[in-house]
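K.L.:
Structure incoming, see below.
Derivation of every value follows stated rules applied to the coordinates shown; laboratory data play no part. Keep in mind that this is a model prediction, so the values were computed, not measured. Note: ideal-geometry Cβ built from the backbone for every residue, glycine included; neighbour counts use all protein chains shown.
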Amino acid sequence: MNLQKKSLISVHLAVLLFGISGLFAKMINLSGIIITFGRVLFSSIFLFFVLKIRRENIHLECGKKYVEMFVAGIILAVHWTTFMLSIQMSTVAIGTITFSTFPLFVTFLEPYVFHEKLKIPNICSAVIMMVGVFCIVPEFELGNRMTQGILLGMICSFSYAILSLWNRKFASDYSGSIISFYEQGFAAIVLLPSLFIIKPQVTMLDIGGLLLYGIICTAMAHSLFIEGLKYIRVQTAGIISSLESVYGIIAAVLILREIPDKKEIIGGIIILGVVFFTTIKQDTGER
């Protein structure tokens with residue numbers, strides 16, 4: 001097997017693990033905030049030992065970088081907490097589909113942050129994606145749990161868009177593993193007070209689930225994804241990443257018996273279709 005095929009398998013496996021991660025919101029009987037805390041805690045500890053084994057220098061170049069990583073950790077904490085709460089409020093399908101709208105926010109944020117030109121095709125894609133979101137909204141009533149789940153999913157999506165742009169700045173100076181270690185470590189510090197506020201009743205089964213979630217579906221999945229990028233194009237990885245919601249929905253149907261309704265399917269097809277089409281255009285070099 002050549003290196004490119006191995007890379008493709010690594011990325012597909014990573015995206016599969018990312019996709020099924022939403023199931024933990026339903027399978028672990030804890031608040032989404034506590035689940036996120038356990039996830040980033042165990043993942044950052046695992047990444048610390050991985051970096052030590054690799055003998056990578058984990059020190060940042062100056063105090064400003066630590067502050068920037070801390071801010072990124074806050075954004076990551078918001079992102080993953082709202083993702084968990086979105087699924088707990090609604091379904092895995094709604095949580096993963098609304099998360100997939102993050103390119104909508106990137107479309108408008110990236111030109112502002114990096115002083116790049118806002119392109120008309122990207123605006124059209126964003127508008128179509130919003131149509132997909134409106135398709136899955138059951139009713140415009142904040143008291144509806146499904147609507148609350150969608151709103152939380154959109155906050156999750158927006159925070160991820162900000163984080164992805166923030167990480168674009170970090171990527172030129174640090175490896176993906178170091179960025180993840182600091183962001184997840186700081187996210188754990190930010191979320192630590194929730195233990196004393198919520199005072200959860202955590203069982204050994206919960207801890208086992210959090211260990212699995214943090215190590216397998218977070219730290220190892222991220223490492224596989226980064227490893228896969230060595231021998232395939234980033235755009236190709238982006239196309240594969242659009243399958244994350246598909247994997248999550250299929251897993252939810254098989255394991256949780258959560259069957260998406262007609263509106264969710266239509267909205268999901270619109271959103272994921274736009275993401276997939278936009279990524280293919282980037283991959284073929286179209287502008």
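K.L.:
For the chain, what are the DSSP H helices with axial Cα length of 24 Å or more and mean Kyte-Doolittle hydropathy of at least -0.5?
P.N.:
Counting only whole DSSP H runs, the qualifying helices are 3-20, 32-54, 63-89, 120-136, 145-170, 262-283.
K.L.:
Which trypsin sites (Lys or Arg not before Pro) in segment 106-197 pass both tests, a DSSP loop state and at most 14 other beta-carbon atoms within 10 Å?
P.N.:
Qualifying residues, ordered by number: K117, K119.
K.L.:
About its Cα centre, how strong a charge dipole does the chain have in debye, to the nearest 20, once Lys and Arg get +1 and Asp and Glu get -1 at the Cβ?
P.N.:
Charge dipole of the chain: 480 debye, to the nearest 20.
K.L.:
Taking the Cα centre of segment 1-94 as origin, sum charge times position over the Cβ atoms of Lys and Arg (+1) and Asp and Glu (-1), and report the length of that vector in debye to the nearest 20.
P.N.:
280 debye
K.L.:
Now for a separate question. What do you get for Rg/Rh over the chain if you use C-alpha atoms and the Kirkwood form of Rh?
P.N.:
Numbers: Rg = 18.5 Å, Rh = 19.4 Å.
Dividing the radius of gyration by the Kirkwood radius yields 0.95.
K.L.:
State, as an integer percentage, the relative contact order of segment 25-151 based on alpha-carbon contacts under 8 Å between residues 6 or more apart. Can you show the working numbers first?
P.N.:
Numbers: 86 pairs, mean separation 34.9, N = 127.
Relative contact order for segment 25-151 comes out at 27 percent.
K.L.:
By the gyration tensor of its Cα atoms, with a ≥ b ≥ c the square roots of the eigenvalues, what is the shape of segment 1-104: rounded for a/c under 1.5, prolate for a/b over b/c, or oblate?
P.N.:
Numbers: a/c = 1.79, a/b = 1.19, b/c = 1.50.
Oblate is the answer for segment 1-104, as a/c is 1.5 or above yet b/c matches or exceeds a/b.
K.L.:
Once a ≥ b ≥ c are taken as the square roots of the eigenvalues of the Cα gyration tensor of segment 81-171, is the result rounded (a/c under 1.5), prolate (a/b larger than b/c) or oblate (a/b not larger than b/c)?
P.N.:
Cα axes put segment 81-171 in the oblate bin.
K.L.:
What relative contact order, as a whole-number percentage, does the chain give when Cα pairs under 8 Å and 6 or more residues apart are counted? Kindly include the intermediate steps, with their values, before the conclusion.
P.N.:
On the way: 396 pairs, mean separation 115.6, N = 287.
Computed over the chain, the figure is 40 percent.
K.L.:
Binning at 10 angstrom from zero up to the longest distance, how are the C-alpha pair distances of segment 114-221 distributed in percent?
P.N.:
10, 25, 32, 27, 5, 0
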